[in-house]
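Everything on this sheet refers to the single structure shown next.
The values are calculated or read from the model by the stated rules, or taken from the named source; none is laboratory data. Just so it is clear, the model here is predicted, and its values are computed rather than measured. When we count neighbours, we look across all protein chains shown, and the Cβ atoms used for this are built from the backbone with ideal geometry, even at glycine. SASA here: full protein model, heavy atoms, side chains in, ligands and nucleic acids out. Shrake-Rupley method; radii C 1.70, N 1.55, O 1.52, S 1.80 Å.
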Amino acid sequence: MSSNISSSNRDLVLAMWKNMEEHNIPALTKMMTDDFKLTILPASLGIPVHNKEQAVKLLSSIFEKRSNIQTIHNEWVESEDSVAVQFTVTATLANGSPYKSDYMAIYRFKDGKMVHMKEFLDSKYLSELHSQE
């Protein structure tokens, strides 16, 4: 039974990324529990934990600045209530420059929805990128 739960959680992650790639924020929002939390790491970035409303606003602003978003899921690790995935995102930035960054995320689920997303960023790359924007 655990493999069915894991597979459905993997499907939720894939659907979430499809919604982000397509800028479908209403569909993305429906995939989150009311008490959803987004944690962006490493902690040295000083980014506070975001609640659902803050996370949706942040994700919307990020994806509005990117087009041609593609996600390559490189490795998956699954348990009954969570999925960890290492992935690469490519896109085109608003200024026409290419974007490519690696991430590691842990997604936790409750009742078929995402309750927590913990995302590890390439902090050096993203700091350099944001200083150019």
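Using helices alone, what [θ] at 222 nm do you get for the chain, with -39,500 (n - 2.57) per DSSP H run of 4 or more residues, divided over all residues and rounded to the nearest 500?
For the chain, the value works out to -11500 deg cm²/dmol.
Given that just one value was derived from the coordinates, which of (1) 28, 16, 12; (2) 89, 15, 9; (3) 24, 16, 15 is semi-axes √(5λ) of the Cα gyration tensor in Å?
Computed from the coordinates, semi-axes √(5λ) of the Cα gyration tensor in Å corresponds to (3).
Count the lysine pairs in the chain that are 8 or more places apart or on different chains: how many have C-alpha atoms under 18 angstrom apart?
22
Label-point separation (nm) for Asn74 and Lys100, each offset 7 Å from Cα along Cα-to-Cβ?
1.1 nm
Please report the relative contact order for the chain, taking Cα pairs under 8 Å with a sequence separation of at least 6, and give it as a percent rounded to a whole number.
Details: 224 pairs, mean separation 33.7, N = 133.
About 25 percent, as a whole number.
Can you tell me the 0 to 90 degree angle between the C-alpha axis of helix 123-132 and the longest principal axis of the chain, rounded to 10?
40 degrees
Roll a 1.4 Å probe over the protein heavy atoms and report the accessible area of Trp76 in Å², nearest 10.
50 Å²
Based on the alpha-carbon gyration tensor of region 45-107 and its eigenvalue square roots a ≥ b ≥ c, which shape applies: rounded if a/c is under 1.5, prolate if not and a/b is larger than b/c, or oblate?
Oblate shape, in that a/c is at least 1.5 and b/c is the bigger or equal ratio.
Give me the accessible area of Lys118, 1.4 Å probe, in Å² rounded to the nearest 10.
Here the residue's solvent-accessible area equals roughly 70 Å².
How much accessible area does Ser67 have with a 1.4 Å probe, in Å² rounded to the nearest 10?
50 Å²
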